[in-house]
Amino acid sequence: MKIFLDTAEVDKIKRFAALGMVDGITTNPTLILKAGREQKEVISEICKIVDGPVSVEGACQKAEEIAKEGEEFASWAKNVVVKVPMGEEGIKAVQILSKKKIKTNVTLVFSAAQALLAAKAGATFVSPFLGRLDDVGEEGMELIRQTVCIYRNYGFKTQVLAASIRSPVHVVGAALAGADAATVPPDVLEKCFRHGFTDAGIKKFLEDYAAAKKRG
Ligand code: E4P
């Protein structure tokens, strides 16, 4: 499973890219706001750090406007992927952008029916939001499982990008469900490296190593 980082914060991207753990990036208006930088400037910098897909989202609602803005985003770097909100206008925009060979990521997907339509429209990625479903008492992981199953049944090329990931449990669940990628916030990726037993084990081995050295 590919790991995308769900952030526009360059220092965090550099940190995990140096570990070889960043296959791509996803951003959205909230993450751009959090990064505190102008969108084009920060996306252009991110695209120089990461070779993989970098998803960029605007705020247009009409298909033609989404597509026009998407073309502008795609001119910033060769690895830009245009995030398109799910819906009739979004699906139209995916078709316009696909004809222009511009990659798309259909976002804000909350049902398998939406995921099916995104694939039929030719989206490059689909982003089912599992954490936000969990938040309202639905089982987000079931949406990932259903989407993977439907795409496999019909050989759709659209890649399943598990989104709205909130914990290492979500990362593992997405991998078990067969998601092509998961977009993981930096704090969750950091947690994936750690385990209390690992820390305790290292501490004990260090103490015993020092004691054995002292004894000779
Ligand atoms: C996906 O591309 C979105 O940027 C993100 O995963 C949304 O996550 P959230 O529900 O934690 O905001």
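The numbers here are math on the coordinates, done by the rules we state, and not lab data. These numbers were taken from a predicted model, which means no experiment stands behind them. Glycine gets a Cβ as well: all are built from the backbone with ideal geometry, and neighbour counts include every protein chain shown.
For Lys40, list the lysines whose Cα falls under 17 Å from its own Cα; do not include residues on the same chain fewer than 8 positions away.
Cα-Cα hits under 17 Å: Lys48, Lys68, Lys78, Lys83.
Which whole-angstrom value gives the distance between the alpha carbon centres of the stretch 54-74 and the stretch 118-149?
The distance from the Cα centre of the stretch 54-74 to that of the stretch 118-149 comes to 22 Å.
Below 20 Å, Cα to Cα, which lysines can Lys203 reach? Residues fewer than 8 away in the same chain don't count.
Correct list for Lys203: Lys191, Lys213, Lys214.
Local charge sum around Gly58 (other residues, Cβ-Cβ under 10 Å, Lys/Arg +1, Asp/Glu -1)?
So the surrounding residues net to -2.
Can you compute the modelled spin-label distance between Lys213 and Ser44, with each label point 7 Å from Cα toward Cβ, in nm?
Label-label distance for Lys213 and Ser44, simple model: 5.0 nm.
By how many nm would the segment from Asp11 to Asp135 lengthen if fully extended, with 0.36 nm per residue of separation less the alpha-carbon distance?
Working: separation 124, 0.36 × 124 = 44.64 nm, distance 2.89 nm.
Result: 41.7 nm gained on full extension.
Per residue, how much space in cubic angstrom lies within the convex hull of the C-alpha atoms of the stretch 91-195?
So the per-residue Cα hull volume is 97 Å³.
Could you list the chymotrypsin sites (Phe, Trp or Tyr not before Pro) in the stretch 140-216 that lie in coil according to DSSP, counting only those with at most 11 other Cβ atoms within 10 Å of their Cβ?
Here no chymotrypsin sites (Phe, Trp or Tyr not before Pro) fit, given the DSSP loop and packing criteria.
Run lengths n ≥ 4 of DSSP H only: what is the helix-derived mean residue ellipticity at 222 nm for the chain, with -39500 (n - 2.57) per run over all residues, to the nearest 500?
Calculated mean residue ellipticity at 222 nm is -16500 deg cm²/dmol.
Please list, ordered by chain and number, the residues whose modelled amide H lies under 5 Å from the amide H of Lys103; skip anything fewer than 5 residues away on the same chain.
Those lying under 5 Å, H to H, from Lys103 are Val82.
Kindly list the residues of the stretch 8-23 that lie in the label zone of Arg194, defined by a backbone N under 16 Å from the point 7 Å along the Cα-to-C-beta vector.
Backbone N within reach: 16.
For the stretch 108-216, which trypsin sites (Lys or Arg not before Pro) are in a loop by DSSP, counting at most 11 other Cβ atoms within 10 Å? Present the calculation step by step, with values, prior to reporting the outcome.
Working: sites: Lys120, Arg132, Arg145, Arg152, Lys157, Arg166, Lys191, Arg194, Lys203, Lys204, Lys213, Lys214, Arg215; in loops: Lys157, Arg166, Arg194.
Of the trypsin sites (Lys or Arg not before Pro), the ones in loops of the stretch 108-216 whose Cβ has at most 11 other Cβ atoms within 10 Å are Lys157, Arg194.
Find, among the GluC sites (Glu not before Pro) in the stretch 3-94, those assigned to loop by DSSP (not H, G, I, E, B) with at most 11 other beta-carbon atoms within 10 angstrom.
Answer by residue number: Glu38.
At each listed q (0.07, 0.16 Å⁻¹), what is the log10 of I(q)/I(0) that the Debye formula gives for the chain modelled as equal alpha-carbon point scatterers?
-0.25, -1.03
Please turn the phi angles of the stretch 196-205 into ³J(HN,Hα) values with the Karplus equation 6.51 cos²θ - 1.76 cosθ + 1.60 (θ = phi - 60°), one per residue in order, whole Hz, x for glycine and proline.
x, 5, 5, 4, 5, x, 4, 4, 5, 5
With a point put 7 Å past each Cα toward its Cβ, work out how far Ala77 is from Phe205 in nm, to one decimal.
Rounded to a tenth, the inter-label distance reads 3.6 nm.
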